[in-house]
Structures are given as structure tokens and as C-alpha cells.
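One structure below.
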Amino acid sequence: MFLAILQEVKMKKSTPKSILITGGAGFIGSHVVRRFVNSYPYYHTYNLDALTYAGNLENLKDVQEARNYSFVKGDIVDTDFINHLFSQTKFDGVIHLAAESHVDRSISNPLSFVRANVLGTVNLLNASLSAAKDNPSFKFYHISTDEVYGTLGDTGLFTEMTPYSPNSPYSASKASSDHFVRAYGETYDLPFVISNCSNNYGPNHFPEKLIPLFINNIINNRPLPVYGDGNYTRDWLYVKDHAEAIDLIFHKGKNGETYNIGGFNEWKNIDLTKLLCRLMDKKLNRMKGTSEKLITFVKDRPGHDLRYAIDASKINRELGWKPSVTFEEGLERTIDWYLDNQEWLDHVTSGDYTLYYQKQYQP
């Protein structure tokens, strides 16, 4: 069903579109940009990114010369810049991924998350109002996180109806931006959709999150810092599956709706870490158990949510989407990508990143 819907969309080539993807040089954003550039040659895809520490144009080398692709450097917090951009280009849609996204960084600097995730989103919403006035097909698509729902106990799943209860500055900033998007839809009739996703993993992920950080640390025989007792549970979603879901929601999602995107794939952090260690030992031809010796339990972070788990039955039922790979398959593909792209990994981990995280993860 999913492939049939996408084929139907691709057949409708009568009207070229200009699509703005914010945060397109980042992890998830780069996969979405690549998908749109390659799948929709009759669209012109604009990639807006401020190129902060996690934004990297090396992620898009394979499409940077495409005729239907343009990169625009700029900050969504800059109101004048955003207004000028929208006055110069008549966008038919916005796919908004630009955000500060790391919980640890939000704890040390919450104001930067308010600026980027709240004020930046409102700037885009304001600019989108004028774009939508003259374009009945305009859509504002806001990508968010399952962390806005707070934490789960041992049972249950987040649904689209779960009340918001954010527990970190990061999740609070994303919850606020979600509310602003809905408010603009209700107050100003701005066409919108929202999706809330579980933890993403895959190629091109800046190594500050668990999986890419631990892959890099194992390669370099550095400690693997596991918070608390390691029994925090997360649902994991392969980034290319997420990009497919974003594509589908943008084209077929109902105006004013929210869609939860998850991998149906829960893992405790400690179990995931041990699986990653076993796979890395095999890939690096190391003795079994070598990488597991690097596991180091560290002091828990404040406001650490116990468990996230997404009920993605709505997007499956209404739009036909489901994950295409198992976690084990996706994790092997991810490891292989990092091992095959050592130059990329060395480049992004040089500079301030290394010093910052060495300080952050002292036991």
C-alpha cells in the first residue's frame, strides 16, 4: 500500500513545487533532503541549515550538484532573514526539522533550546502565514519527538492522544513548539501536520547520541558511559524508515493531524549496549567480550525518563507505513556505515566536541 501511494504521488507531476526543509544538513534532515531530491525531480528542494556543530554538508555530497536542490545557510531564529527568504521564494510547503535536540545539552544550556526550538518555530510559522494565503495547497509539517509525552511505566504505549508531560528542557521546548504549531492552525487556519518519533539511528548521526557515540568509542577503545543502572528503555527507529514516513505524511497526512512514528522496537540501554559490543567485536575481529569491558556506569542525569514506547498503529492503519528493517539489520547497516566512513567520523569528532564530551562523561 505504501509503495502504491508513493507511486500515485510521483505520477502527479503537473505542478512543480518548492519545498523548504529546515535542518536539512543534520542527521534526519539530510536523509529527508536526499529522499526528496531523488524521488521528486519536479520539486525544487531548498535545504535551510545554520550549520552548527551537528549540521554537516558532507552528509549531502551525493546530491549537492543536483539541479533541483539548493542549500541556504541561515538561522531560523533570525526573523529578518526568514522573512526575506519567504519573500524571495514562494514555498509550497515547509518540512521543519531544524532543532536543538540533545537532552544533555539542554540541561546545561536550556535558553539555547528555547531560542531555536520555540522562537525559531514561531518565526517559520509567521512567515508561513503569508505563503499559505496565496496557496491553498501549502502545508507546514512539524517534526517532533516522543519525549514530549514524558515517561512510561513498565507497560503501555504513547498514542497521539497521550497528554504532554515533558521532563527535560529539550522535551519542554519541543512540546512548546508543537503547541504553537497547533495554535497557528486553530487561530490562523494554517494547514499543518505534526509527527512525533522515537529514537532515530543510522548513517550520518553526529556521535553524541548513544549508538554513534558508542560505535566511535569502541573503535577508539574509550569508555562506554551508561547512565544509572542502564535499564532505561527506548524505542528505536531506523532513520531511512523515518524519512519514508515523513515523505508519506507530507503528501498524504490529513491536515491538523498528529502521527506517531515508532519502530515497534524496545530495548533497554544496557541490553542495546551489549548487543552493540558483540557486533563491534565481530566487525573489528576482536576477542569476544573485549568491547563489553569498556562499559562504565556513570551518574544518572537529572529528569531521566524511564521508558519511551510508541504506538505507531495510526500511521500504519491510515497511511500504510511500517518499519522496513529489524533493529539487528539496521544496527549492522549503521555499524558498517561508520566503519566505511572513518574520515567522516574523524572529521566531525575533531575540535570542541571531544573536549566537551570527555568532561561530560567523567564517571
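Listed values, structure above:
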quantity	calculated
Residue list for segment 36-58, restricted to those being under 25 Å from residue 241 (Cβ atoms), modelled with pLDDT under 95 and of a type in the set (S, T, N, Q)	56
Any hit, segment 200-220, residues being at pLDDT 95 or above, out of contact with any Asp or Glu (no Cβ under 9 Å at 6 or more places or on another chain), farther than 23 Å from residue 281 by Cα and not polar (S, T, N, Q)	no
For residue 137: the one exception among (1) in contact (Cβ under 8 Å) with a residue 24 or more places away in the chain; (2) crowded, with 20+ Cβ neighbours inside 10 Å	(2)
Boolean, residue 98 is more than 20 Å from residue 25 (Cα to Cα) and either modelled with pLDDT of 95 or more or in contact with a helix residue (DSSP H, G or I) (Cβ under 8 Å, 6 or more places away or on another chain) (or both)	no
Residue 173 being more than 18 Å from residue 307 (Cα to Cα), among the small types (Gly, Ala, Ser) and in contact (Cβ under 8 Å) with a residue 12 or more places away in the chain	yes
Residue pairs meeting the criteria (Cβ under 8 Å; at least 6 apart or on separate chains; first without any contact (Cβ under 8 Å) to a residue 24 or more places away in the chain, in segment 50-74; second surrounded by fewer than 19 Cβ atoms within 10 Å (Cβ to Cβ))	64/57; 64/71
Close pairs from segment 278-290: first basic (Lys, Arg), partner not in a loop (DSSP other than H, G, I, E, B), Cβ under 7 Å, at least 6 apart	283/335; 283/339; 288/281
Every residue from segment 40-71 that is charged (D, E, K, R) and in contact with a helix residue (DSSP H, G or I) (Cβ under 8 Å, 6 or more places away or on another chain)	49, 58, 62
Some residue of segment 42-50 being in a helix (DSSP H, G or I) and either under 19 Å from residue 120 (Cβ atoms) or among the acidic types (Asp, Glu) (or both)	no
Some residue of segment 270-288 being within 14 Å of the chain's Cα centre (by Cα) and of a type in the set (A, V, I, L, M)	no
Single unsatisfied condition, residue 325 versus (1) in a loop (DSSP other than H, G, I, E, B); (2) modelled with pLDDT of 95 or more	(2)
Segment 51-66, residues that are assigned to a helix (DSSP H, G or I) and out of contact with any strand residue (DSSP E or B) (no Cβ under 8 Å at 6 or more places or on another chain)	58, 59
Scope segment 82-123; condition within 15 Å of the chain's Cα centre (by Cα) and among the acidic types (Asp, Glu); matching residues	100
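To keep it simple, each residue is scored yes or no on (1) among the small types (Gly, Ala, Ser); (2) not in a loop (DSSP other than H, G, I, E, B).
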residue	(1), (2)
144	yes, yes
152	no, no
155	no, no
163	no, no
170	no, yes
173	yes, yes
181	no, yes
187	no, yes
190	no, no
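The values are calculated or read from the model by the stated rules, or taken from the named source; none is laboratory data. If you're wondering where the values come from, they're calculated on a predicted model, not measured in any experiment. Counting neighbours? That spans all protein chains shown, and the Cβs are built from the backbone with ideal geometry, glycine included.
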